[in-house]
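Just so it is clear, none of the values below were taken in a lab; they were calculated from the coordinates. Keep in mind that this is a model prediction, so the values were computed, not measured. Don't worry about glycine lacking a Cβ; one is built from the backbone with ideal geometry, like all the others, and counts go over all protein chains shown.
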There are 4 protein chains.
Amino acid sequence: MAGNSIGERFVVTSFGESHGKCVGVVIDGCPAGLPLSEADIQPILDLRRPGQSLVTTQRKEEDRVEILSGVFNGFTTGAPIAMVVWNKDVDSKSYERLLDTPRPGHADYFARVKYGGFYDWRGGGRFSGRITAGFVMAGAVALKLLRLTLGVEVMAYVKRIGQVEAGEVPLDAIRSLRYSNDVRCPDERVAERMRQAVMEARKAGDSLGSLVECIALNVPVGLGEPVFSSLDSDLSRALFSVPAVKGVEFGLGFGLVGLKGSESNDPLVSMNGRVAPITNKAGGITGGLSTGREILVRVAFKPPSSIALPQRTLNLRTMKEEEVVVTGRHDPVLGPRAVPVVESVVAMVLADHAMRSGVIPPVLRTGKEVASGVSQ
Amino acid sequence: MAGNSIGERFVVTSFGESHGKCVGVVIDGCPAGLPLSEADIQPILDLRRPGQSLVTTQRKEEDRVEILSGVFNGFTTGAPIAMVVWNKDVDSKSYERLLDTPRPGHADYFARVKYGGFYDWRGGGRFSGRITAGFVMAGAVALKLLRLTLGVEVMAYVKRIGQVEAGEVPLDAIRSLRYSNDVRCPDERVAERMRQAVMEARKAGDSLGSLVECIALNVPVGLGEPVFSSLDSDLSRALFSVPAVKGVEFGLGFGLVGLKGSESNDPLVSMNGRVAPITNKAGGITGGLSTGREILVRVAFKPPSSIALPQRTLNLRTMKEEEVVVTGRHDPVLGPRAVPVVESVVAMVLADHAMRSGVIPPVLRTGKEVASGVSQ
Amino acid sequence: MAGNSIGERFVVTSFGESHGKCVGVVIDGCPAGLPLSEADIQPILDLRRPGQSLVTTQRKEEDRVEILSGVFNGFTTGAPIAMVVWNKDVDSKSYERLLDTPRPGHADYFARVKYGGFYDWRGGGRFSGRITAGFVMAGAVALKLLRLTLGVEVMAYVKRIGQVEAGEVPLDAIRSLRYSNDVRCPDERVAERMRQAVMEARKAGDSLGSLVECIALNVPVGLGEPVFSSLDSDLSRALFSVPAVKGVEFGLGFGLVGLKGSESNDPLVSMNGRVAPITNKAGGITGGLSTGREILVRVAFKPPSSIALPQRTLNLRTMKEEEVVVTGRHDPVLGPRAVPVVESVVAMVLADHAMRSGVIPPVLRTGKEVASGVSQ
Amino acid sequence: MAGNSIGERFVVTSFGESHGKCVGVVIDGCPAGLPLSEADIQPILDLRRPGQSLVTTQRKEEDRVEILSGVFNGFTTGAPIAMVVWNKDVDSKSYERLLDTPRPGHADYFARVKYGGFYDWRGGGRFSGRITAGFVMAGAVALKLLRLTLGVEVMAYVKRIGQVEAGEVPLDAIRSLRYSNDVRCPDERVAERMRQAVMEARKAGDSLGSLVECIALNVPVGLGEPVFSSLDSDLSRALFSVPAVKGVEFGLGFGLVGLKGSESNDPLVSMNGRVAPITNKAGGITGGLSTGREILVRVAFKPPSSIALPQRTLNLRTMKEEEVVVTGRHDPVLGPRAVPVVESVVAMVLADHAMRSGVIPPVLRTGKEVASGVSQ
């Protein structure tokens, strides 16, 4: 057990349940001297908040972050930063009914076996997507840390929902428009078609798969600790920790299977005095190290397992097959709400590796140190 | 950085500050199926609560534990258990005054250097003994886990305060009387002399050193993972994490320096069909492994650094020597309040090693599993 | 730094370089009592040995495993198992020439930046595929451990090379035929077409991408430690540690993006008294936990970066573009030699998680314990 | 299990057995750019080599270090550094005889229980002091790293053997004379008395306890990661990993129990413009952080358990008490050979913490980088 922490320098520990008191996170190792308050975290948390549109679940959660420790006089202190959002709109009734008839596609039954029946089944418990509120709180800190120290920018967006896929989107559009609509696709025309597809699926009591693409700019050369903490290793580990992720690829990814070496290598050139690959088929990572080009990773989300359509399952009491109808409030597609989650998770890993490589120091001494009342 | 977690299977992460919102802890890896509620934790927390007697600080804290996650229907679920006590009686004024004149014996100046001035200096921040409230919350869980699964009993008591030392105390007295008085010494006559010594020191504006002895019974043979996670290695690591600990010894400890091999070896015998060392000069650990005899460890606490007497220090602003008088509310001796802390810390390590050795499984399947409403 | 270990209970540490003295591995935490000798490891190592066919590099290495520690009287002892293969057929000349002209697609330049020029560039050093000889040594131990304790079987094969893809292959064919030809595809007719494609690419001085599919049978329900050590998280981390991997997907993986929830959920049924998903679109992992169905993971390998065709690069000395021709002995496609590597890496992770879940104990007490000469 | 690694940045993994093929170590995370060869390690290894005098065991081992990886062109590369000494003078006969009659004071029986009888009992296997040859190899690298980057000096010496104790020894004498005699006590007159005590004990078939004191100079302020990786926590953990250590104390240690706060605090002063404690009763560590004063730690070694005198034990086959006489070649006292081991272990921890604090970077870029043939 004990798999609820990630990172070696910027260590994130997740806790909390979907229908428990709260969802929370502890960051251990965040550099001292980072200006930080709830105001840095809330906006990103708001981006994944449920109940905001018809393409997301109707559960209404305020999701107001509370920092419990590790910040003093407006700066991080180097001590562990604990943060929570308190659960409010909890309705566990619909789940109790499902105890004997595990929902297809969910961890219900497997968790029951693993934890000897003691797991918290309300709302999916630890297996709920709600856990990612903790990822976002940690990610918001990582994002600010990366931005202030290295100018790193992490941007994800919905590339595809079901059969609707966005073409190439200019970087500027991604930067400015990815959160401009509820499906989180910066191409508004494609977004509209995605929205329609979601509405149709919803109406049919069904759900849709989705693809999120994430880009990280200004990542310095050489992040990653091969062999087992190569940058892609650690990014993929973190991304597969997000519920419902079933595939991760970097750069051309699976598309490289059909290419030749002469087509897939990224030759080095000198660009404005900086050495860098002129193409980026590798997605910014070669040999497990960042190349200086943008990190480019694509993440496949399966369709949400909770659908209104009747489904076949087993009644564990009678050991007979039965139909189950999953009521409750659920997302008809995961990509849109996952966008800030993917950004957060990528940022957590980059922050950890920037610290491991020494490019982000354990104390940001250049900060306004007098702010803490200390003359040094 | 990132040193706020300990353990590999029963992983404890500490957070919170002396004068922040709370002191807390997350346990990751606690077996599912342990019956647990606040009522299991509060009594042990109460034993270290401040403000209970003249031998402790007058800070009044209710120290009421709140479990935030990881428990459902009265049992642990296998998910991380987050717990907090909320700080209430906080008075940081006396500390602000001390910013330029670091208190002798405290981490003030060294923390200021390490964290670039960003550390939380109120009440010692992360360096306060108050952090050990978190150790006790985690320890209470470990103690219950060890007791229910293995019948392990962990008992500490104050062996010495200043020049007053208790002789051999029978095990039964330790078990039943160690918490019967405010100095936590099971020999009431010695306890009375200790109390007087503390009162005298207190009146003189001074403080006293102390020695805590801890015994763990029924520890199975073979706990410990040599070489670097030998049982004594990990116990000592945890014990030196308790503020003000300056020495740790097992069995005869430093006394073994003056002995011969023929005097210090513990011969094996058969006792009631069980093979065990007939003497226990090794303190229950040989070769880094538990021997089946009681673990016996002694912990030296320095006198509290905060004393009312004027002391010499440096004014960091003027760089001139100055006198400093540490006001505020402080313990005149640490041993008495450290007794439940030492028990907790020892229990945390034993629980971790019992899980690493496989003698405590990741799920307590023998528990009342139906309690969670699941028919399996 | 310090990224050369993976696992929490079955901990694998990799060391060695392509053209150094050896490639090696230490396993810490392997259960005591596993019958083990070089004869268990050599056959699997032989399967990845170079120089065996025209579809692999012509470097000739005997790759004879030597166990340095942790095995006694034919059984593992519970102590760390160190193993090495000694490098013999080393020819570093062709690499020296390339120092100023980093090979496109390789880590050369990025490693140079990261390690301040101190990295071992001979044969790719730590970035060489040769490092995977260590993975295979560790994997061979994991495979035996899994087989003897749980009956787990791990089988990978080449699913696709370039444009040539195998259709559905029956499990029995995978089991018995995957190593029957040099491209490691159990469908001999497809294998022949793959071989031709490789030969053509080779003749053209080029290389091909490839796809390896891996199946693990008899994995017990409930392996995986969500959220950050979910089974897919840790498998993907390990797989991306294999050089040249650019994508990992479980079950239908990226194919799930285009499906609906009603199409992608795996309903539970009772099969021979065992509860299991009737379909396996999830690839044997749901909610980060194994479902009892076969683990199914697909791994995309980019075309080898070393190709004979002239390529564009930068001369770091002159900072002018140049042509580079990578001579030396290289694989024209990676999948075939990667098959035992993928099996090994998957086995390492499964062994680790089986130990974490307690389904493999730290000591295999049922073994022939008298073999060590001890009467117990 | 899996307790054979220590450190987070400078990670040391130990392997090998007393009578196996070798004793070895892997360092993962050592900065790139450290000039290193066997010649840096051999001299320190020679200082713990057995067979050098009558106060040590007569086992003759050449103990020649071989670096297997991680060094290239005379510099560390940032890759794992594997090192071994090959065992040569192995004589396991005397141990076989002892299988049924566990030696008092040794781990024999407890290891047998723990590892289900599979442990390697020859010469104590993993529980032998010979394992510390690995500690010394790693320590030699740490010592060089600390010296070159920070000017840190680590010096241990034998403070006491049995009843013979050295008084205060001037720092210069410790520096220059601690290895000048076979008992490793810089005061030659005391050393002579120690030697006599050892000879007497040896003649009597007995052994003696000993005390080693270790001093580390020039340790920067602020090393240590409270709460659970405080500097004293991690030093004590590492020191208790050395076989036969039973007590560890910092500064006045257990002596602080009898002192008052007014006597034990170390006031800060300004010394040559540097702020530092004027006294060092804390042993250079306060609040878990280094204070800038010398680290001072004392380590109690029990008398070696292997003595020639007949001892009582249990015959595990007959379950009857028996006399056992431990033949073989053993140290009559441990302190003298432990001196370089204590220095090594302290250096390993300091190197790790210097890297964690960022005062030693992951690459020593100031080194002669062209040495690797790379023009950058």
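Using the alpha-carbon positions of the stretch C:1-47, Rg (one decimal) and Dmax (whole number) come out as 12.7, 35 Å.
Summing Lys and Arg as +1 and Asp and Glu as -1 over all other residues whose Cβ lies under 10 Å from the Cβ of B:Ala2 gives a net charge of -3. Summing charges over all other residues whose Cβ lies under 12 Å from the Cβ of B:Ile174, with Lys and Arg as +1 and Asp and Glu as -1, gives -3. The relative contact order of the stretch C:5-372, computed from alpha carbon pairs under 8 Å that lie at least 6 residues apart in sequence, is 24 percent.
Each Lys and Arg adds +1 at its Cβ and each Asp and Glu adds -1 at its Cβ; summed about the Cα centre, the protein assembly as shown shows a dipole of about 0 debye.
Helix B:132-150 and the longest principal axis of the C-alpha atoms of chain B enclose an angle of approximately 10°.
The separation of the stretch A:179-213 from the stretch B:184-205, counted between C-alpha centres, amounts to 72 Å.
Compute the separation of the alpha-carbon centres of the stretch A:90-114 and the stretch B:34-62 and state it in Å as a whole number. The stretch A:90-114 and the stretch B:34-62 have Cα centres separated by 38 Å.
Quick one: plug the Kirkwood hydrodynamic radius of the stretch A:250-312 (C-alpha pairs) into Stokes-Einstein at 25 °C, 0.890 mPa s, and report D in µm²/s.
174 µm²/s
Placing unit charges on the Cβ atoms only, positive for Lys and Arg and negative for Asp and Glu, gives the stretch A:5-372 a dipole magnitude near 420 debye about its Cα centre. Between the stretch B:328-365 and the stretch A:257-303, the C-alpha centres lie 49 angstrom from each other. Comparing D:Ser241, D:Val297, D:Asn272 along the charge dipole axis of the stretch D:160-298, the residue lying farthest to the positive side is D:Ser241, per the Cβ-charge model.
Here the label points at B:Lys88 and A:Glu200, each 7 Å from Cα along the C-beta direction, are separated by 6.0 nm in the simple model.
If R0 equals 22 Å, the separation of the Cβ atoms of A:Val325 and A:Lys60 corresponds to a calculated FRET efficiency of about 0.45.
Summing +1 for each Lys or Arg and -1 for each Asp or Glu among the other residues whose beta-carbon sits under 9 angstrom from that of B:Leu211 gives +1. Anyone know which of B:Ser53, B:Ser210, B:Ser18 comes out most mobile in the 10 Å Cα GNM of chain B? Highest fluctuation of the listed residues: B:Ser53. For chain B, which span is the longest to avoid every loop-located (per DSSP) member of GluC sites (Glu not before Pro) having at most 14 other Cβ atoms inside 10 Å? Formally, the longest exposed-site-free interval is B:169-376.
Between copies, the label points at A:Asp91 (set 7 angstrom from Cα along Cα-to-Cβ) are spaced 5.0, 7.3, 8.2 nm, reported in nanometres from shortest to longest. Position D:Glu38: other-copy label points at 2.1, 6.4, 6.6 nm, ordered by increasing distance, label point 7 Å along Cα→C-beta. Extension gain for C:Glu192 to C:Glu263 (0.36 nm times residue separation, less C-alpha to C-alpha distance): 22.1 nm.
In units of the rule-of-thumb radius 2.2 N^0.38 Å, chain B shows an alpha carbon radius of gyration of 1.02.
Quick one: dipole size for the stretch D:213-304, taken about the Cα centre, charges +1 on Lys/Arg Cβ and -1 on Asp/Glu Cβ, in debye to the nearest 20.
It comes to approximately 160 debye.
Under 10 Å, Cα contacts only: if you run a Gaussian network model on chain D, which one of D:Gly29, D:Gly224, D:Gly287 comes out with the highest mean-square fluctuation? Highest fluctuation among the options: D:Gly287. Reported value for the stretch B:155-281: 142 Å³ per residue, from the convex hull of its C-alpha atoms. Annotation for A:Glu168, label-to-label distances across the other copies: 3.9, 7.8, 8.7 nm (shortest first, one decimal, point 7 Å from Cα along Cα→Cβ). Computed from the C-beta positions of B:Ser176 and B:Ser270, the FRET efficiency with R₀ = 25 Å rounds to 0.25.
Per residue, the protein assembly as shown reaches -8000 deg cm²/dmol at 222 nm when only DSSP H runs of four or more residues are counted, each adding -39500 (n - 2.57). Run a plain Debye calculation on the protein assembly as shown (Cα atoms as equal point scatterers, no solvent) and give log10 I(q)/I(0) at q = 0.04, 0.08, 0.09 Å⁻¹, rounded to two decimals, same order as the q list. The computed values of log10 I(q)/I(0) come out as -0.23, -0.99, -1.28. For the stretch D:5-372, lysine pairs separated by 8 or more sequence positions, or belonging to different chains, with Cα-Cα distances below 24 Å total 23. Take the alpha carbon gyration tensor of the stretch D:116-219, find the square roots of its eigenvalues, order them as a ≥ b ≥ c, and report rounded if a/c is under 1.5; if not, report prolate when a/b exceeds b/c, else oblate. Oblate, because a/c is 1.5 or more while a/b does not exceed b/c. The GNM of chain D, with springs linking C-alpha atoms under 10 angstrom apart, assigns the highest mean-square fluctuation among D:Asn272, D:Asn181, D:Asn280 to D:Asn272.
By the Stokes-Einstein formula, at 1.306 mPa s and 10 °C, the stretch C:39-171 with its Kirkwood radius over alpha-carbon pairs has D equal to 89 µm²/s.
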